[in-house]
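Supplied in structure tokens, the structure appears directly below.
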Amino acid sequence: MEHFWRIEEVENPRNYSVEEQECETNYVSGVSRTVEGRYIVRLPRHVDFDHMLGESKSAAIRRLHCLENRLSREPHLMEEYHSFMSEYLSLGHMRLVSANETEPAQVNYLPHHAVMKEASTTTKVRVVFDGSAKTSTGYSLNDGLLVGPIVQDELLTLVLRFRKYPVALVADIAKMYRQVLLHTDDTPLQRILWRFRTEEPIATYELLTVTYGLAPSSFLATRTLQQLAGDEEDAYPLGGPALKKGFYIDDYIVEPFLWRRQYRHAKNSTSCWQREVFS
């Protein structure tokens with residue numbers, strides 16, 4: 001009953017822990033935008049981060065060899081895996097690190113593996129990068145990063161709104177995490193080892209965006225959605241509240257009050273609303 005009453009309250013302010021507040025402060029002080037409007041964020045680091053992260057390349061090499069052995073036994077999986085990596089590279093979400101580049105002071109190598117999702121209508125295989133892989137110190141990259149608070153409404157709240165009205169508009173954000181760029185000072189912490197053929201030497205790549213498998217990734221992506229709403233709500237008075245209150249991670253259910261308000265002011269309510277919220 002107490003939980004039900006909390007849902008019914010007009011506003012339920014979140015009380016952040018010390019670590020969550022530190023994560024929020026790090027986000028606000030480090031976020032920026034490119035000239036095209038894409039957001040750049042920083043990884044929120046633990047206060048002892050510099051002492052926690054150890055050597056990680058040797059473990060990443062071993063994991064790559066194990067992965068290659070598996071892919072050699074499953075040609076279909078190999079094809080899907082290569083396709084995923086090729087797309088990652090072609091979209092500019094990762095880059096090849098040249099052998100001539102100066103080695104940064106702190107580098108971390110993320111092992112990676114395939115996750116099968118047969119129910120998916122688009123990508124059956126997703127490559128997941130293992131931020132929880134231990135380094136030589138016994139700590140992983142995730143151990144040295146702050147997780148961050150939840151900044152969106154609870155799922156139950158969205159479902160209750162969805163059920164109250166006969167009409168709903170739903171959508172999602174394609175590749176949500178990868179729409180957010182990572183600051184160049186942090187991309188060396190997201191290095192991976194990969195090659196498209198076993199006859200080639202192992203190459204080093206850097207992931208340039210917020211990445212699946214890291215502890216703060218969900219916070220960074222959803223917090224950026226809130227940041228976008230705040231930055232653009234003057235230009236898009238309907239889109240701003242929609243971003244703030246209508247999303248659960250990357251899935252959106254239309255806010256009924258937005259639908260009704262737009263219906264009163266636009267002859268073609270659906271197309272006008274879509275232009276503003278999704279432009």
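Here are R70, R95: which of them is of a type in the set (K, R) and not in a helix (DSSP H, G or I)?
On the way: R70 fails: not in a helix (DSSP H, G or I).
Only one candidate qualifies: R95.
Matching residues to (1) out of contact with any Ser or Thr (no Cβ under 8 Å at 6 or more places or on another chain); (2) within 18 Å of D186 (Cα to Cα); (3) in contact (Cβ under 8 Å) with a residue 40 or more places away in the chain:
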site: E74; (1), (2), (3): yes, no, no
site: M78; (1), (2), (3): no, no, no
site: H82; (1), (2), (3): yes, no, yes
site: V97; (1), (2), (3): no, yes, yes
site: K117; (1), (2), (3): no, no, no
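Within region 125-159, how many residues are open to solvent by 70 Å² or more (accessible area, probe 1.4 Å), more than 14 Å from Y252 (Cβ to Cβ) and modelled with pLDDT under 90?
The total comes to 4.
Something else: Name the single residue that is modelled with the highest pLDDT among those in region 233-275 being open to solvent by 50 Å² or more (accessible area, probe 1.4 Å) and under 12 Å from A171 (Cα atoms).
Looking at the filtered set, the residue picked out is I249.
Restricting the search to region 40-58, which residues are surrounded by 18 or more Cβ atoms within 10 Å (Cβ to Cβ), touching a Ser or Thr at 6+ places or on another chain (Cβ under 9 Å) and in a helix (DSSP H, G or I)?
Answer for region 40-58, where residues must be surrounded by 18 or more Cβ atoms within 10 Å (Cβ to Cβ), touching a Ser or Thr at 6+ places or on another chain (Cβ under 9 Å) and in a helix (DSSP H, G or I): just M52.
Now a separate question. Test S140 against the criterion of being hydroxyl-bearing (S, T, Y), under 23 Å from E20 (Cα atoms) and either free of Cβ contacts under 8 Å to residues at least 40 places away in the same chain or in contact with a Cys (Cβ under 8 Å, 6 or more places away or on another chain) (or both), and give yes or no. Before you say what the answer is, go through the steps one by one.
On the way: hydroxyl-bearing (S, T, Y): yes; under 23 Å from E20 (Cα atoms): yes; either free of Cβ contacts under 8 Å to residues at least 40 places away in the same chain or in contact with a Cys (Cβ under 8 Å, 6 or more places away or on another chain) (or both): yes.
Yes.
Sticking with this one: Tell me, which residue of region 71-103 that is open to solvent by 80 Å² or more (accessible area, probe 1.4 Å) and of a type in the set (D, E, K, R) is modelled with the lowest pLDDT?
Only one residue fits best here, namely E103.
Also: Given the condition out of contact with any helix residue (DSSP H, G or I) (no Cβ under 8 Å at 6 or more places or on another chain) and touching a residue at least 24 places away in the same chain (Cβ under 8 Å), answer yes or no: does some residue in region 42-50 qualify? Spell out the reasoning first.
Initially, region 42-50 is screened for residues out of contact with any helix residue (DSSP H, G or I) (no Cβ under 8 Å at 6 or more places or on another chain), giving 47, 50.
Subset that is touching a residue at least 24 places away in the same chain (Cβ under 8 Å): 50.
Within region 42-50, one or more residues are out of contact with any helix residue (DSSP H, G or I) (no Cβ under 8 Å at 6 or more places or on another chain) and touching a residue at least 24 places away in the same chain (Cβ under 8 Å).
Still on this structure, please answer the following. Scan region 197-212 for residues that are more than 17 Å from M176 (Cβ to Cβ) and either open to solvent by 50 Å² or more (accessible area, probe 1.4 Å) or small (G, A, S) (or both) and jot them down. Quick ask: steps written out before the conclusion?
Within region 197-212, the subset more than 17 Å from M176 (Cβ to Cβ) is 197-206.
Within region 197-212, R197, T198, E199, E200, P201, I202, A203 qualify.
Hey, can you tell me all the residues within region 104-119 that are part of a loop (DSSP other than H, G, I, E, B) and either closer than 18 Å to S86 by Cβ or at pLDDT 85 or above (or both)? So that I can check it myself, show each step before the final result.
So the first thing to find is which residues in region 104-119 are part of a loop (DSSP other than H, G, I, E, B), and the list is 104-108, 110-111, 117-119.
Listed by number, the residues that qualify are P104, A105, Q106, V107, N108, L110, P111.
Any residue at all in region 213-232 that is surrounded by fewer than 22 Cβ atoms within 10 Å (Cβ to Cβ), part of a strand (DSSP E or B) and at pLDDT below 95?
Checked region 213-232: no residue is surrounded by fewer than 22 Cβ atoms within 10 Å (Cβ to Cβ), part of a strand (DSSP E or B) and at pLDDT below 95.
Would you check which residues across region 59-69 are in contact with a strand residue (DSSP E or B) (Cβ under 8 Å, 6 or more places away or on another chain) and open to solvent by 20 Å² or more (accessible area, probe 1.4 Å) and list them? Steps first, answer last, please.
Initially, region 59-69 is screened for residues in contact with a strand residue (DSSP E or B) (Cβ under 8 Å, 6 or more places away or on another chain), giving 59-61, 63-64, 67.
Within region 59-69, A59, I61, R63 meet the criteria.
The values are calculated or read from the model by the stated rules, or taken from the named source; none is laboratory data. Remember, predicted model here, so these are calculated numbers, not experimental data. Backbone-built Cβ (ideal geometry, glycine too); neighbour counts: all protein chains shown. Remember, those area values only see protein heavy atoms, side chains included, never the ligands or the DNA or RNA. Shrake-Rupley method; radii C 1.70, N 1.55, O 1.52, S 1.80 Å.
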